[in-house]
Amino acid sequence: MTEEQPIPHHLGGNPVTTRTDATLPVESPLDGAPLGRLGLASSTTVDQAVQQAQRAYENWSHLPSKERVQPLYRFKQLAETHLDDLAETVSRENGKTHAEAKAGLCKGLEVVEFACSLPALEHGGHLEVSPGVDCYTRRFPLGVVAGITPFNFPAMVPLWMFPLAIACGNTFVLKPSEKVPMTPLRLVELLEETGLPPGVMNVCQGDRRTVEAIVEHPAVAALTFVGSTPVARNVYQNGIRTGKRVLALGGAKNHLIAMPDAETALTAKNITASATGCAGQRCMAASVLIAVGECRDLIEAICQEMRQIIPGKHLGAIIDQASKERIEAYIDQAEREGASIRVDGRRVVVAGREKGYYVGPTVIDGATPSAACACDEIFGPVLTILHVDTLDEALAIENASPYGNAASIYTSSGATARYFETRANSGMIGINIGVPVPREPFSFGGWNQSRFGMGDITGEDGLRFWTQGKKITQKWNLSTAQNWMS
Ligand code: NAD
């Protein structure tokens, strides 16, 4: 691949590059190799995408759901056949390891599986409400809808959105992160190989300006966004202002609480995997460990586990230089403020990949609960450890976080776990598990400033988000029976 190779949009079934759009170079965080040049969709290009989606909507929305899910069945099989190449594309443009890339794809394909079950799910109720009078509900699509996605899961997060949205009869404009534009293109190509009509799925590459054009477009009926909290809040507020239905998932700062009765070896492995998987660049990553009471052995075991993880081998790259600098600045600040850097991942260079961006596993011990490393989303393989005496003190710290994506506890007591599960202030809870991502059909979504809007993004909440109910009251017999509503 060369620096100048164009990375296209995908509009109405075709790859499209425009001469007028601004462009941006895309490179691999693994080693800095150029991947191509991305066109950034202007409002004119966004409008072309919306028009293609509007044209496709005429037929697509009138197909029965049983027919709409047929390409999705075939897509799941085709994507599984191509799992290795897709994972390679994810790894190349995002920097995560091949195994992590595959796991993200498999998780995304679970949502495709769920979308295929749409015809089998109850869509509405049917009841005789008066003599000879029936009421029933049918669910209808919303129209042209959009999805805006972050860099950290180039396949999984788009797959949270478009399979359900199109199965429900909508047509879709996807705006992937400008840092990972290639995987979503490949997914849409595969989807169209299965017979999905052109225009049902469109990809508009771009950055902030493209997002603004989508949010302002009057023909976009609804959108889901996944990304950082400040942008999620902004997209939510502007989307609502322009009359759209919006669900915007934001950032996170996830707390893991270790009780003194937690099993040491397994807990240390699990916490390490949670903090370092995908190089800590996931919204479900462990970020703060709150050690309750005596946890010296556990912390030593975590440091040992962290030291076994080799950047470039078990640990992927950080997305870009700016992110690497941001992560290292948090570690510098914690050190200046008196915390102990028990495992230090700064200034890592991977031999043969000197132009890649790497931060090694890092453990910051003894920070204060108000320190930046304990409060801000760092989005790197960095675990900050806080010490408290009781579970209630630990819960008070977790509850005070403005975020609310995930929280976990490690304990061998069911009663303690239940106490925590009830009081933690997050949408996804783990018990002896550090990345508590619910598997379909359980839905995905956080609370507080990790989510703006109603409901979760997948599962039955997703189906409700992408549809609207029409309530029909009918009477076909000539009965004269009457009641107050006849
Ligand atoms: P980001 O907010 O920088 O970008 C997300 C999307 O918004 C991209 O498509 C980008 O082009 C666009 N964008 C960026 N700045 C914008 C602006 N000012 N106005 C309008 N659009 C803008 O996020 P990122 O760095 O790509 O992804 C990492 C973030 O995503 C982290 O905060 C992470 O926690 C979050 N995330 C959350 C979840 C979740 O389920 N809650 C899942 C994955 C990632």
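The values are calculated or read from the model by the stated rules, or taken from the named source; none is laboratory data. Just so you know, these numbers come straight off a predicted model, no measurement behind them. All Cβ positions, even for glycine, are placed from backbone atoms using ideal geometry, and neighbour counts span all protein chains on display.
Restricting the search to helices (runs of 4 or more DSSP H) fully inside the stretch 344-436 and requiring at least 2 residues that are surrounded by 22 or more Cβ atoms within 10 Å (Cβ to Cβ) gives 372-375, 391-400. Scanning the stretch 73-108 for residues that are in contact (Cβ under 8 Å) with a residue 60 or more places away in the chain, of a type in the set (K, R) and in a helix (DSSP H, G or I) returns R74, R92, K107.
Please work out if P163 is within 15 Å of the ligand (Cβ to nearest atom) and under 20 Å from G108 (Cα atoms). Break it down stepwise before answering.
Numbers: within 15 Å of the ligand (Cβ to nearest atom): no; under 20 Å from G108 (Cα atoms): yes.
Considered against the rule, which asks whether it is within 15 Å of the ligand (Cβ to nearest atom) and under 20 Å from G108 (Cα atoms), P163 comes out as no.
Which one is farthest from the ligand (Cβ to nearest atom) among residues in the stretch 112-133 that are aliphatic (A, V, I, L, M) and assigned to a helix (DSSP H, G or I)? Walk me through how you get there before you give the answer.
Taking the stretch 112-133 as the starting set, the residues that turn out to be aliphatic (A, V, I, L, M) are 112, 115, 118, 120-121, 127, 129, 133.
From what's left, assigned to a helix (DSSP H, G or I): 112, 115, 118, 120.
Numbers: V112: 18, A115: 18, L118: 22, A120: 27 Å.
So, considering only residues that are aliphatic (A, V, I, L, M) and assigned to a helix (DSSP H, G or I), the one farthest from the ligand (Cβ to nearest atom) is A120.
Just checking, does the stretch 330-341 include any residue being in contact (Cβ under 8 Å) with a residue 60 or more places away in the chain and in the same structural domain as N425 (by TED's automatic domain parsing)?
Start the filter on the stretch 330-341 by keeping residues that are in contact (Cβ under 8 Å) with a residue 60 or more places away in the chain, which leaves none.
The answer is no, given that none of the residues of the stretch 330-341 is in contact (Cβ under 8 Å) with a residue 60 or more places away in the chain and in the same structural domain as N425 (by TED's automatic domain parsing).
Considering (1) part of a strand (DSSP E or B); (2) in contact (Cβ under 8 Å) with a residue 60 or more places away in the chain, the lone condition that P25 does not fulfil carries the number (2). Beta carbons closer than 6 Å, at least 6 apart along the sequence or on distinct chains, pair a first residue in the stretch 443-460 that is over 11 Å from P402 (Cα atoms) and part of a loop (DSSP other than H, G, I, E, B) with a second that is near the ligand (Cβ under 10 Å from one of its atoms) and among the charged types (D, E, K, R) for S443/D456; F444/D456; G445/R451; G445/D456.
Pick from the stretch 257-300 the residues that are among the aliphatic types (A, V, I, L, M) and within 16 Å of the ligand (Cβ to nearest atom): which of them is farthest from the chain's Cα centre (by Cα)? That would be V288.
Here is a yes/no grid of residues against (1) part of a helix (DSSP H, G or I); (2) crowded, with 24+ Cβ neighbours inside 10 Å:
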residue: E110; (1), (2): yes, no
residue: C135; (1), (2): no, no
residue: P154; (1), (2): no, yes
residue: L164; (1), (2): yes, yes
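Determine if the stretch 53-75 includes at least one residue that is of a type in the set (K, R), surrounded by 21 or more Cβ atoms within 10 Å (Cβ to Cβ) and modelled with pLDDT of 95 or more. Yes, the stretch 53-75 contains a residue that is of a type in the set (K, R), surrounded by 21 or more Cβ atoms within 10 Å (Cβ to Cβ) and modelled with pLDDT of 95 or more.
Here T422 fits the description: out of contact with any strand residue (DSSP E or B) (no Cβ under 7 Å at 6 or more places or on another chain), in the same structural domain as I309 (by TED's automatic domain parsing) and among the β-branched types (V, I, T). When you scan the stretch 463-477, do you find a residue that is in a loop (DSSP other than H, G, I, E, B), surrounded by fewer than 15 Cβ atoms within 10 Å (Cβ to Cβ) and more than 12 Å from the ligand (Cβ to nearest atom), even just one? Yes, some residue in the stretch 463-477 is in a loop (DSSP other than H, G, I, E, B), surrounded by fewer than 15 Cβ atoms within 10 Å (Cβ to Cβ) and more than 12 Å from the ligand (Cβ to nearest atom).
Pick out the one residue from T272, T267 that is part of a helix (DSSP H, G or I), in contact with a Leu (Cβ under 7 Å, 6 or more places away or on another chain) and not basic (K, R). Walk me through it before giving the result.
Numbers: T272 fails: in contact with a Leu (Cβ under 7 Å, 6 or more places away or on another chain).
None of the other options fit; the residue is T267.
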